[in-house]
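Taking it in order: structure first as structure tokens, then the write-up.
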Amino acid sequence: MDCEKDVLRIQKKLDKIVKEELGQDEALDYLKALKDLPINLAVLTSTRIGMTVNAIRKKSENDEVNNLTKALIKKWKKLLPGSATPKESTKEEGKTSDKAKEPPKESQAPVKESAKDKKGSSSNVQSSFPALPTTTTDSVRLKCREMLCAAIKGDGVAVDGGGDPEYLAQMLEECIFKEFKNTDMKYKNRVRSRVSNLKDTRNPNLRLNFLCGQVSPARLSNMTSEEMASDEMKNIRQKFTKESINDAQLATVQGPNTKR
């Protein structure tokens, strides 16, 4: 609990440095403090400190800060289930196999439940711990990332608890590119529609939900125009649909007009 409190305290300081673009020397001190803390899987999940450190990495031009943030992210990723090296994995499997040769029948149910809990924990950590987007030199992809980033930033006012716009733009573009596997017209149209909807001042919730993690890059990359629409537009469409259904039902009940 003390470790979690220390992490949250440092996280607030780092968030302030990112938002106000303060000096990197102070950030370096806080990162060194994080390195010395006994951060475990539970602390990573509850604090989402990985997102904050990744935001520092994206903003900093200080080599020492960049190296330390990368080292921290690499260190913390080793805590994630399934991150063991092949040798470690083989050893663990051997140990598990030896222990499981003659398992007590009564203990089988609790073991299954524990595995399920572990799977849930893994899912929570994966969703809160940042994946690093792949780098690209493709001019079209880079331009699309710039357009998405500008749309995500909006008026430029930082959102409390919001992610790094540049990082989110890169992840969103990468999800779109993975779907089409090229930068043809379908890819460009998909990017343009995301940019248009994120910039729509009549629908600010889409951008805010994306910044705050309520909508993931993978989800936003393939949402339909109806799904991205504002609540007001959804209500209008629902109203028109309902009226059309009522008109059709009324016409069926009344029958065709036979007057001459």
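Filtering the stretch 128-173 to residues that are hydroxyl-bearing (Ser, Thr, Tyr), modelled with pLDDT under 90 and not in a helix (DSSP H, G or I) leaves Thr134, Thr135, Thr136.
From the list Val65, Val43, Val7, Val18, pick out the single residue that is among the hydrophobic types (A, V, I, L, M, F, W, C), at pLDDT 85 or above and either closer than 22 Å to Gly213 by Cα or in the same structural domain as Leu211 (by TED's automatic domain parsing) (or both). Talk me through it step by step, then tell me what you get.
On the way: Val65 fails: either closer than 22 Å to Gly213 by Cα or in the same structural domain as Leu211 (by TED's automatic domain parsing) (or both); Val43 fails: at pLDDT 85 or above; Val18 fails: at pLDDT 85 or above.
Within the list Val65, Val43, Val7, Val18, the selection yields Val7.
Scanning the stretch 16-45 for residues that are among the acidic types (Asp, Glu) and under 24 Å from Lys77 (Cα atoms) returns Asp29, Asp36.
What number of residues within the stretch 27-41 are out of contact with any Leu (no Cβ under 9 Å at 6 or more places or on another chain) and exposed (fewer than 14 other Cβ atoms within 10 Å of the Cβ)? The qualifying residues number 3.
Report, by residue number, each residue of the stretch 192-219 that is among the aromatic types (Phe, Trp, Tyr) and farther than 20 Å from Arg48 by Cβ.
Taking the stretch 192-219 and keeping what is among the aromatic types (Phe, Trp, Tyr), we get 210.
Hits for the stretch 192-219: nothing passes.
Would you mind stating whether Lys91 is modelled with pLDDT under 85, charged (D, E, K, R), in a helix (DSSP H, G or I) and in contact with a Phe, Trp or Tyr (Cβ under 7 Å, 6 or more places away or on another chain)? Judged against the criteria, Lys91 is not a match. Taking Glu179, is it closer than 24 Å to Thr136 by Cα, over 15 Å from the mean Cα position of the chain (by Cα), among the acidic types (Asp, Glu) and part of a helix (DSSP H, G or I)? For Glu179, the condition - closer than 24 Å to Thr136 by Cα, over 15 Å from the mean Cα position of the chain (by Cα), among the acidic types (Asp, Glu) and part of a helix (DSSP H, G or I) - is met. Set side by side, the residues Val53, Val18 differ, and just one is of a type in the set (Val, Ile, Thr), in contact with an Asp or Glu (Cβ under 9 Å, 6 or more places away or on another chain) and in a helix (DSSP H, G or I), which is Val18. Across the stretch 203-214, a minimum of one residue is classified as crowded, with 16+ Cβ neighbours inside 10 Å, on the phi < 0 side of the Ramachandran plot and of a type in the set (D, E, K, R).
The values are calculated or read from the model by the stated rules, or taken from the named source; none is laboratory data. Note that the structure is a prediction, hence the values are computed from the model and not measured. All Cβ positions, even for glycine, are placed from backbone atoms using ideal geometry, and neighbour counts span all protein chains on display.
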